[in-house]
Every structure is written in structure tokens, then in C-alpha cells.
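The values are calculated or read from the model by the stated rules, or taken from the named source; none is laboratory data. As the structure is a prediction and not an experimental result, all values here were calculated from the model. Methodologically, a virtual Cβ is constructed for each residue, glycine included, from the backbone with ideal geometry; neighbour enumeration extends over all protein chains shown.
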Amino acid sequence: MNALADELFPGTGSDAARLDAAIGPVEWARVPSTFERDVVDAPSGPLARIALGPATGERVVLVPGMTGSKEDFLLMMPLLADAGYRVEAFDMAGQYESGTAGPERLDPPERRYSLQLFVDDLVAVLDTGATPAHVLGYSYAGTVAADAALQRLELFASLTLLSAPPLAGQALRGFKVLGPLSPLVPGRALGPVFIAALRLNVHRAPVDRARFVTDRFRLTRASSVGDILALMQRTPDRAEELRASGMRVLVAVGAGDVWRPGLHEAFARRLGATFVELPTGHSPCETAPHQLTEAMLAFLRR
């Protein structure tokens, strides 16, 4: 935890950390019956969505990233709902239960998943409910959410960038492991390699999480993963535009993220954003949900 976070979020790292440490096995594939399920008719096709919390509460929309899904937020959503928020999460096009959504469904059809495809889908989701909404973009979805905010500022009450690409241009160059090789290989060619690497290393995760991640790949399109990696090799620089927009931004990241240390904090400074670093890896929503939610609530309520 950094000094700024200690000042802004004094409870984070104490009770919240103990609650995170006590998390036991999670049935990631089973969405509890207390959650609502529906499908959003987006430009790229049907997007699977879950929701929780009072219909009259302030709206929070959580967007998972590449190879992720709405279930990545199962542990966070009840915490936000208990705080009075109406919380939603959906699978991006090509991912898990939105696997049939893709560029061929656009009007006119396109060949590849594009940043604008994901932006238009997010706008379609936001248009189904009350706005402005608080939006969290996780990993690549942070890039999507930032672009959507600049295109439709009136739909956003705030923006949280969780483990989002902190570099413009060839963002993969900042990866701790893949970084040195990423400029040499086209992103689309990295897609199958990336999926294979995740399958190979998933055993490092808890058994319940590893099983779900492996099963999720059966519905996730490899082409969507390759296209997103290619898009990450030309990440747009929106920092100055976001800062000038006046959008309230929180940059949250785990200390052991896939991007090299310091890049996220420098990114937050460019954005004029609040920055919080949590004692975990790339997926605080899964491994430190209480600490992340506490930091996010403090940010939203300030």
C-alpha cells in the first residue's frame, strides 16, 4: 500500500486484508440465484450480463478484460450492492458467454474485433440503464472504458482503471515477461500462444479458479484474444484528453501486476488520477475484493 492510498483509504489493508486472506474456495462458474441475469442486444451481438443490488441505487458497471468474464467480479458485486449500489457486469464480445458476439454481426460486417466495436458495445450496455454510471474497466477493458468516456462523457460519473494498460503505443512492451519479445511478433499471432500459456500456467491458481478458467476457454474465441493483443500493440494515448475532460479517475493495481512496477503510478500522474496499489497481482477483483471495493467506495464517496 502506498502513502497516498494510506491517506485516502485508511481502512484498506487492515480488516479488508484479513477478510481477503480468509476467502475460501469459490464456485466461480455458479452465479448465485440472488443475481439477476439478462442479455444485452449490443451492436456486435448478444452480451451476457449479471446484476445485483437495489434498482434505485447508483449504478456501477464492471467490465472484464481479455480472456475474462463477468464472474471475475462475483466477490466484489455483493460488497458494492450491500453499500447501496446497483452493480452490473457483462462479458465483452468474443469472451465466455458473449462468445457469439463479433465483428461479423456489425452493420456493415467487419473482419476483426476493434476498439470501436468494444466501445460501442459498452455504450449500448450503459444505455440500458440509469446514467451517468460509475464504470470500472479491468485490464484491456480499461482502454475501452477510457475511449468510451471520451466519446460519451455524459454517460460516466467516474472511471476506475483496474490493472489497465499504463503505456500508449506498444503497451505489451511493459510486460515483465513477454515485453522484450512483443514488438517482434504480430499480436494476432500471439493469441494462440497467450491462450496456451494461460492453460499451461493455470495450475498455479487455486484449484477452483483453475477449473473455471480452463472451462471458460471453451466458449472464448481465440480470434478475439488475438485481435485484442494486436490492439494492445497500438494503444491510443488518451491521458491528456481524460485529464482535460475533468473525469474523476481511480487507477487501481496489484503490486505484482504483469506490467513493470512504477508504470501504473506514472500513468496515474499523467491522468491526474487517484492511485492505489494493493498487495496482490493482476487480478485484485478476485484475490483482494474487499480491499479493492473499500478503495473504490472511498473514491466514489469522496
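Brief remarks follow.
- Test set (1) at pLDDT below 75; (2) hydrophobic (A, V, I, L, M, F, W, C); (3) closer than 21 Å to residue 267 by Cβ - residue 148 fails condition number: (1)
- Subset of region 41-64 (residues that are out of contact with any helix residue (DSSP H, G or I) (no Cβ under 6 Å at 6 or more places or on another chain) and in a loop (DSSP other than H, G, I, E, B)): 54, 55, 56, 57, 58
- Taking region 230-254 as the range and being surrounded by fewer than 16 Cβ atoms within 10 Å (Cβ to Cβ), in contact with a Gly (Cβ under 8 Å, 6 or more places away or on another chain) and at pLDDT 95 or above as the test, the residues that pass are 237, 243.
- Residue among 75, 80, 106 that alone is over 22 Å from residue 289 (Cα atoms) and in contact (Cβ under 8 Å) with a residue 40 or more places away in the chain: 106
- Restricting region 168-188 to residues that are in contact with a helix residue (DSSP H, G or I) (Cβ under 7 Å, 6 or more places away or on another chain), surrounded by fewer than 20 Cβ atoms within 10 Å (Cβ to Cβ) and among the hydrophobic types (A, V, I, L, M, F, W, C), the residue that is modelled with the highest pLDDT: 175
- Of the criteria (1) touching a Phe, Trp or Tyr at 6+ places or on another chain (Cβ under 9 Å); (2) more than 20 Å from residue 17 (Cβ to Cβ), which one residue 295 fails: (2)
- Of everything in region 26-50 that is hydrophobic (A, V, I, L, M, F, W, C) and touching a Phe, Trp or Tyr at 6+ places or on another chain (Cβ under 7 Å), the residue that is surrounded by the fewest Cβ atoms within 10 Å (Cβ to Cβ) is 29.
Okay, residues lined up against (1) charged (D, E, K, R); (2) within 19 Å of the chain's Cα centre (by Cα):
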position: 25; (1), (2): no, no
position: 45; (1), (2): no, no
position: 49; (1), (2): yes, yes
position: 57; (1), (2): no, no
position: 60; (1), (2): no, yes
position: 64; (1), (2): no, yes
position: 68; (1), (2): no, yes
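- Some residue of region 143-158 being touching a Cys at 6+ places or on another chain (Cβ under 7 Å), closer than 25 Å to residue 277 by Cα and surrounded by 20 or more Cβ atoms within 10 Å (Cβ to Cβ): no
- Residue count for region 212-229, restricted to those that are surrounded by 15 or more Cβ atoms within 10 Å (Cβ to Cβ), assigned to a helix (DSSP H, G or I) and among the β-branched types (Val, Ile, Thr): 3
- Members of region 255-302 that are farther than 23 Å from residue 79 by Cβ, in contact with a helix residue (DSSP H, G or I) (Cβ under 6 Å, 6 or more places away or on another chain) and part of a helix (DSSP H, G or I): 263, 270, 271
- The lone criterion from (1) touching a helix residue (DSSP H, G or I) at 6+ places or on another chain (Cβ under 8 Å); (2) modelled with pLDDT of 95 or more left unmet by residue 38 is number (1).
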